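See below for the structure under consideration.
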Amino acid sequence: MNAILSMSLIMMLWQHIAGTGKAPYEVESFRTPGGKQVEITLIKHGSLAISFEGFWIQVDPVTEYGKHTDYATEFPKADVILVTHEHGDHLDPSAIEALRGPQTQIYLNQWAWSQLGAGEVMSNGDKRELHPDISVEAVPAYNTTPGREKFHPKGHGNGYILTIDGLRIYIAGDTEDIPELADIKDIDIAFLPVNQPYTMTPDQCVKAARTIAPKVLIPYHFSGTDLSKLPQRLPGIRVLLRKMQ
């Protein structure tokens, strides 16, 4: 499917009320098969904001991990909040409270729900309609390398596939290059974590990207991992290296 018709990088400046001035976030702009615009704000680490015609989806919003993010002043109330799992760099009740409005829908895994006490649990394989033009599917996210299984056990956390007016976005969550990636098809934009030992090594990321074959790859959740060689190792995939610390 020809989902991406155009793409451009724009900069958005969000005001810090209690900060030291302006905090820029990079925003990637994509066009859906129907000609509508989707903007993905690259906040930091595993935190993303996705907007479509005034509808806002926040993924793993966290206030204090890495740079401070003031969700109450920098973003509107969320229509949907997706939480991949319960670790503190992905689940932050204070950030969720700042983003939560009367109509906000929260979807999360069982263990995150146990901590937050709110929202609707999605397990691997579950699907939900979020909007007439938006659906989400929860997919597996886990560790496979011996000794790492304790970080993210199989069947525990979620990745998410968002389909927005035909544009398919895969947000992997904390995972390695698991066999289930072979079932993830027709992805336009993939967010893959490269943060050994908790998620993927660069080699695993390359393998995962070749398996999924997205049109665009945006590595995230990478901390200090060297990603500089990824673009040359993935010909045919547009690799966008962005500041996500």
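Readers should treat all values here as calculations from the given coordinates under stated rules, not as data from a laboratory. No experiment lies behind these values; they were computed from the predicted model shown. Note: ideal-geometry Cβ built from the backbone for every residue, glycine included; neighbour counts use all protein chains shown.
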Residue count for the stretch 200-237, restricted to those that are touching a helix residue (DSSP H, G or I) at 6+ places or on another chain (Cβ under 9 Å) and in contact (Cβ under 8 Å) with a residue 40 or more places away in the chain: 1
Residue count for the stretch 48-96, restricted to those that are under 21 Å from TYR160 (Cα atoms), crowded, with 23+ Cβ neighbours inside 10 Å and either in contact with a Pro (Cβ under 7 Å, 6 or more places away or on another chain) or not hydrophobic (A, V, I, L, M, F, W, C) (or both): 9
Per-region count, the stretch 97-118, residues crowded, with 19+ Cβ neighbours inside 10 Å and either under 17 Å from ASN158 (Cβ atoms) or among the hydroxyl-bearing types (Ser, Thr, Tyr) (or both): 6
The stretch 125-150, residues that are surrounded by 15 or more Cβ atoms within 10 Å (Cβ to Cβ), part of a strand (DSSP E or B) and of a type in the set (Asp, Glu): GLU137
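Suppose we keep only residues that are β-branched (Val, Ile, Thr) and within 22 Å of THR84 (Cβ to Cβ) within the stretch 209-238. Which one would you say is surrounded by the fewest Cβ atoms within 10 Å (Cβ to Cβ)? Walk me through how you get there before you give the answer.
So the first thing to find is which residues in the stretch 209-238 are β-branched (Val, Ile, Thr), and the list is 211-212, 216, 218, 225, 237.
Now restrict to residues that are within 22 Å of THR84 (Cβ to Cβ): 211-212, 216, 218, 225.
On the way: THR211: 15, ILE212: 21, VAL216: 18, ILE218: 22, THR225: 18.
For the stretch 209-238, the residue satisfying everything is THR211.
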Residue in the stretch 151-168 that is buried (at least 22 other Cβ atoms within 10 Å of the Cβ), assigned to a loop (DSSP other than H, G, I, E, B), of a type in the set (A, V, I, L, M, F, W, C) and in contact with a Ser or Thr (Cβ under 6 Å, 6 or more places away or on another chain) present: no
